[in-house]
There are 4 protein chains.
Amino acid sequence: MKQSKPKYKQIIDAAVEVIAENGYHSSQVSKIAKRAGVADGTIYLYFKNKEDILVSLFQEKMGQFIEKIQGETTARQTPSEKLYILIETHFDLLSKDYHLAVVTQLELRQSNKDLRLKINSVLKKYLDVIDGIVEEGIREEVFRENINRKLVRQMIFGTIDEVVTNWVMKEQHYDINKQAEDVHELIIEGLLKKK
Amino acid sequence: MKQSKPKYKQIIDAAVEVIAENGYHSSQVSKIAKRAGVADGTIYLYFKNKEDILVSLFQEKMGQFIEKIQGETTARQTPSEKLYILIETHFDLLSKDYHLAVVTQLELRQSNKDLRLKINSVLKKYLDVIDGIVEEGIREEVFRENINRKLVRQMIFGTIDEVVTNWVMKEQHYDINKQAEDVHELIIEGLLKKK
Amino acid sequence: MKQSKPKYKQIIDAAVEVIAENGYHSSQVSKIAKRAGVADGTIYLYFKNKEDILVSLFQEKMGQFIEKIQGETTARQTPSEKLYILIETHFDLLSKDYHLAVVTQLELRQSNKDLRLKINSVLKKYLDVIDGIVEEGIREEVFRENINRKLVRQMIFGTIDEVVTNWVMKEQHYDINKQAEDVHELIIEGLLKKK
Amino acid sequence: MKQSKPKYKQIIDAAVEVIAENGYHSSQVSKIAKRAGVADGTIYLYFKNKEDILVSLFQEKMGQFIEKIQGETTARQTPSEKLYILIETHFDLLSKDYHLAVVTQLELRQSNKDLRLKINSVLKKYLDVIDGIVEEGIREEVFRENINRKLVRQMIFGTIDEVVTNWVMKEQHYDINKQAEDVHELIIEGLLKKK
DNA sequence: GATGAATGAGTATTCATTCAT
DNA sequence: AATGAATGAATACTCATTCAT
């Protein structure tokens, strides 16, 4: 029993575990409460409702996630390096916390529209980091100037997300960290052979 | 409402409409039946259970979708052209059927693991088309030879999927068809400015 | 396919089979129709509703049953002999038709009050045969004169019924015919040791 | 209606009433809950499912029933007296609780095979009491030594059961307690006139 | 007479949330 | 703050019966 942690974090950690193990639809509030070592009713002293647990979970975990990525990227010089470290950190953080990866890549996507809108607003900050790198790359004339910024962001995020999802669904049978370089090169260089 | 369409298609079309309008979790069988103009029980003469409606819906609609894309791509000469027409057709087909786009990009992802596995097996054929184009591009030495084929496929699909999802969530306030060229160029040329 | 038999009997025989094999609650009209080799709707040309199949089944089968027993008993001289042949014939007929025994002893008792009232009215004739034997026994001063006739009938029927039910539930692992003599003696002589 | 009784008993008593009044098949869980003065969901805090209410009902009520009969019979000296008090107590207990009699004699027999097996295992204890009396009677050379013990038990139980069922179906228009003596004599003495 | 596609009423059970203690 | 017993809304599926052909 994690009695030392404040109950708020205790419940969120329990939720990640329970959802990763049982799947989104089999993760009843009572199951999360039991795992957290509190009574069902106690949940409602810390969260407005069940959806609020999930949103908070995402905020809490993604908050740290994004902070880390922000820190790493600002520490790099060039936009390309920044993009690389973003991809690497993204893969690294999730590969270290498989439960969280399952929850964010698979289980939380089963939520309804409302919840997903809230999740997207949390994601916004992450997308801002990507936008910043792209913007910088164009400004510094490292990236092509005539690209559609929003599309680029969607390509970068879509690619990373799809790669992680495939890794999670394959139940981590390979090392995703090793793919950071390839993914980075693919995004930077594109598909075409240069003469 | 008596329709001339066979009941099977009638029910699937009703399901697409109802799910697009009400969301996955508010789409009761009785609501679908009502929209299709049949009795609740009639649903079960054509489908094993509720999940079977969704799987069939996806098979039916994605079947046509993939066939169309297969047809268009084989009609083109170069891998690059094939990739372009794949992206264009993908955007075109979904932009013409917003209900279907909502269902495939948002609502059907709320389904449970079992359903998603079945959906993935339908999707497999689409991924095969992409794989074929990539393979051809490498063989013909148009695409770089040292790329990771699976990663490329994930980049292509991840990018297209993310672009469509963003378009759907923005409630079609812009013309996605116009983005086909940019997306294609991004994938082919990459981010980097060529000297 | 029993095409030669008239459909009425065909359906009743199918019902006995289906109920014996699947149990009362898993014996849908459609299952009976299929076994009888007719369409579902055809059932309703010969029977008012599902309950009517069951009542008719019981009437038809018990009709023959009672006739046989009436015939056998009248052919005997003394009330005691008549009682014996009644028991023996009862056991004999059911041991020869296990399906019917299962249906009458176990499955049909799961029916609701209404159906059971109708079944009881069919049974009335059988009880009349017993009553006749008891009456004759008393009149001829073979049976004790101060007995309660109705109670005697209930004892006789209750005993026979319980013995048969036990036999059916043991899935015919012993020969019930061999018990006719003992049952008869028990009823006639009672439990008490005579000095 | 707030009752002082613990909810478990409250629900069981409500079930007896509702089933006796409406019949087995018209006794929905919600009807039982309403009668018990609890919410539908509360039922499932005390019982696994609907069938479990019925099994528990039978165990609870028959448990007391059998205990009472065991107590009464052991307090008597001779096997014949024991048999008499068993019959009398059986009639007495059911005649005092007509609802329970309706449920055990008529409604609970409509249950499916599974439920009936569980009911039979409860009944086993009652049959053991009868077996004990028969055994003792033979050992003490009061009952005939050459009787088939199992058949005797079937006769005794079958007779009592049939008598009670007839009484219940006649809707208690006569006093069943007055029949205890006659039933006892019939079983002990048999049908035959002694010279 | 015969068919069988279509009907639609009916119900056990789960689980997020509340609130008296 | 914490509890956990109690609540009650919400829904997929079956199957006896009908009736147009």
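Any read-out appearing in this document is the output of simple, stated calculations on the displayed coordinates, not a laboratory observation. What you are looking at is a predicted structure, and each value in this text was computed from that prediction instead of being measured. Every residue, glycine among them, receives a Cβ derived from its backbone with ideal geometry; neighbour counts consider all protein chains shown.
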Degrees, to the nearest 10: A:113-139 long Cα axis against longest axis of chain A: 30 degrees
Packing-based exposure ordering (other Cβ within 10 Å, fewest first) of C:MET155, C:MET169: C:MET169, C:MET155
Exam field: C:ASN146 pseudo-label spacings to other copies (7 Å along Cα-Cβ), nanometres: 2.9, 11.7, 12.3
Cα-based Rg and Dmax for the range B:96-146, where Dmax is the largest Cα-Cα distance (Å): 15.6, 42
Over the range C:55-189: Rg over Rh, Cα atoms, Kirkwood Rh: 0.96
Per-copy distances of the D:GLU135 label point, shortest first, in nm (7 angstrom along Cα→Cβ): 4.4, 7.8, 9.2
Degrees separating the helix D:149-169 axis from the principal Cα axis of chain D, which is the longest one: 50 degrees
Within 10 Å of each Cβ in A:138-148, the average number of Cβ atoms from other chains: 3
Sparse-neighbourhood loop sites, GluC sites (Glu not before Pro) in the range D:111-166 - DSSP loop, at most 12 other Cβ within 10 angstrom: D:GLU140, D:GLU141, D:GLU145
Residues D:MET169 and D:ARG76, FRET efficiency given R0 of 22 Å [Cβ-Cβ distance, rounded to 0.05]: 0.10
Pairwise centroid distance, computed over Cα atoms, of the range A:1-62 with the range C:139-195, Å: 67 Å
Orientation-averaged projected area, Cα convex hull of the range D:1-47 (nm²): 2.9 nm²
Over the range D:1-47, relative contact order from alpha-carbon pairs under 8 Å, at least 6 apart, %: 38 percent
The range D:8-92: C-alpha gyration tensor shape, a/c 1.5 cut-off, then a/b vs b/c: prolate
Debye equation applied to the C-alpha atoms of the protein assembly as shown, log10 I(q)/I(0) at 0.05, 0.08, 0.11 Å⁻¹: -0.48, -0.84, -1.16
Rough spin-label spacing in nm, given labels placed 7 Å along Cα→Cβ, for B:HIS99 and B:LYS150: 3.9 nm
Axis proximity, chain C to B: residue whose C-beta lies nearest, plus whole-Å distance: C:GLY41, 4
Between 0 and 90°, nearest 10: helix D:50-74 axis offset from chain D longest Cα axis: 30 degrees
Kirkwood Rh, angstrom, the range A:107-177 [1 / mean 1/r, Cα pairs]: 14.2 Å
Order of D:LYS125, B:LYS178 under a 10 Å beta carbon neighbour criterion, fewest first: B:LYS178, D:LYS125
Within the range C:132-161, trypsin sites (Lys or Arg not before Pro) in DSSP loop having at most 11 other beta-carbon neighbours inside 10 Å: none
Mean separation of Cα contacts under 8 Å (6+ apart) over length of chain D, as relative contact order %: 22 percent
Label-reachable residues, the range C:35-71, where backbone N falls under 19 Å from a point 7 Å from D:HIS25's Cα toward its Cβ: C:43-44, C:47-59
Cleavage-rule hits, trypsin sites (Lys or Arg not before Pro), the range A:47-94, DSSP coil, Cβ neighbours within 10 Å at most 11: A:LYS48
12 Å beta-carbon shell around A:SER95, net charge (K/R +1, D/E -1): -2
At 7 Å out from Cα toward Cβ: C:GLU21 inter-copy label distances (nm, ascending): 4.3, 4.6, 4.6
Shape category assigned to the range D:36-133 from the gyration tensor of Cα positions, a/c cut at 1.5: prolate
Neighbourhood net charge (9 Å Cβ-Cβ; Lys/Arg +1, Asp/Glu -1) for A:ILE85: -1
